[in-house]
Amino acid sequence: MRFSIPWITAFVINALVTVAAPTKQSNETVNFLAEYKLLELEDVTKTDVAELTNGHDITLGYELQNLDDRQVSVVGVGGSFRDPKNGEIKTNLSTGAVDPIILAKGETGALKQKIELNLVPDHYILSPVLYVAVGDELKMIQVRGQLATVSDEPISFFNPQLLFLEAVLLATFAALGYVAYSIWGKKYLQGASPIPKASKKPAKKASSPSEATATGKSYDSSWIPETHLKHKKTKKAY
């Protein structure tokens, strides 16, 4: 059952602590059961490796049961992602207060914890914790760990951000190509244009034998030097 009472406020404030700096507690244990499932990955059991993706938040669905003789109030959630090799904390989960869930002996309850994923792709142990109030003490209950591997989401070719980047790159290359053509390419093409060939004048035709006959000569006199022709005309026979 769920209800709040004024005195629980102090415990809610104290619940906003990290694993590295827990509230002072006694050595007395609390007989309290807490089990959870990954609501987005219902087929993943506690012995499996959960495959998680950055940007896709997960939700832990808790099933709670108080087996202690005392009344136990769940007042906060937290936890961490740890290195599976040595158990060292790699990153802490956001610690937050919840509406107090007060359970008498033998009572059960339920709770959800949302976890945002923005991690370095790697292998982890998800290690959630619950903060509970027992009497006038605040205690931290370590819940079981879950092996997990976190990866980045594959980028689709049709991703809007990728399409925008491709359009910007294409426009940039087109602009650079146009500038290069205007400065160097156009002048080079003009300098490499073929030179037009000079037109050839038609050669003079040699006089045909028929033309020579028409002038009364048996030969073509067009090739004989003019001085020789004059000398030939003035020559007299003795």
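Any read-out appearing in this document is the output of simple, stated calculations on the displayed coordinates, not a laboratory observation. The shown structure was predicted, so the numbers you read here are calculated from the model rather than taken from an experiment. Glycine also receives a Cβ, built like all others from the backbone with ideal geometry; neighbour counts cover every protein chain displayed.
Taking the Cα-to-Cβ direction at residue 174 and at residue 56 and moving 7 Å from each Cα, how far apart do the two end points lie in nm? Computed distance between label sites residue 174 and residue 56 equals 3.6 nm. Spin-label pair residue 183-residue 142: with each label point 7 Å from Cα along the Cα-Cβ axis, the two points sit 6.5 nm from one another.
Share of Cα-Cα pairs in the stretch 6-151 beyond 29 Å, in percent?
Numbers: 1667 of 10585 pairs.
Roughly 16 percent, once rounded to a whole number.
Tell me, what is the percent relative contact order of the stretch 6-151, built from C-alpha pairs under 8 Å that lie six or more residues apart? Once normalised by length, the contact order is 31 percent.
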